[in-house]
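*Asks:* Below: one structure in structure tokens.
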């Protein structure tokens, strides 16, 4: 299974970016230097966003447009001049199984917990290690990953 990549496009300057699988959000710091509003596009793999995600700039929810295709969510928003701390939250990361061929089924259920249990204790160098199952990216599929799946248990997304 491949890693999921979040991509950013903007005429603003990206000062800092990160992705917290445990906290379920993308965070970034943006500087817009021009006299006009800065535009910002974010492309997020569709399986990472829940139905009810938010885009927050400097602790205030902001309006955004979204277009989705089969695999990605394309977010667009504008920002005024200045430095902004952005957080896109409401990610769902524990849906690992379902439709076959690495395609999740849109819900976190016992199949996902079972898949983690079968890989329990594997590390990056092990042949049975699957990077997507290492939900918190610590190099080992362990109770931390199963705990995240348990916290997401029963959640669904489009």
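Computed from the coordinates by the stated procedures, all read-outs in this text should not be read as laboratory data. Quick caveat, the model's predicted, so the values are computed rather than measured. Every residue, glycine among them, receives a Cβ derived from its backbone with ideal geometry; neighbour counts consider all protein chains shown.
*Asks:* According to a simple spin-label model (label point 7 Å from Cα along Cα-to-Cβ), what is the distance in nm between residue 20 and residue 137?
*Replies:* 1.3
*Asks:* Assuming 0.36 nm per residue, please report the length gained on full extension of the stretch residue 13 to residue 130 beyond their Cα-Cα distance.
*Replies:* Working: separation 117, 0.36 × 117 = 42.12 nm, distance 3.40 nm.
Taking 0.36 nm per residue and subtracting the Cα distance, the gain is 38.7 nm.
*Asks:* Follow-up question, since we're still on this one. Please grab the % of Cα pairs in segment 7-91 that end up more than 23 Å from each other.
*Replies:* On the way: 542 of 3570 pairs.
Everything past 23 Å amounts to 15 percent.
*Asks:* Further question: Calculated FRET efficiency, residue 29 and residue 155, Cβ-Cβ r, R0 35 Å, to nearest 0.05? Walk me through the intermediate numbers first.
*Replies:* Values: r = 29 Å, r/R0 = 0.82.
Given R0 = 35 Å and the Cβ-Cβ separation, E is 0.75.
*Asks:* Let me know the volume per residue of the alpha-carbon convex hull for segment 98-152, in Å³.
*Replies:* Values: hull volume 4.1 nm³, N = 55.
Here the figure is 74 Å³ per residue.
*Asks:* Sticking with the crude label model, points 7 Å out along Cα→Cβ, report the distance from residue 70 to residue 147 in nm, one decimal please.
*Replies:* For the pair residue 70/residue 147, the computed spacing is 3.8 nm.
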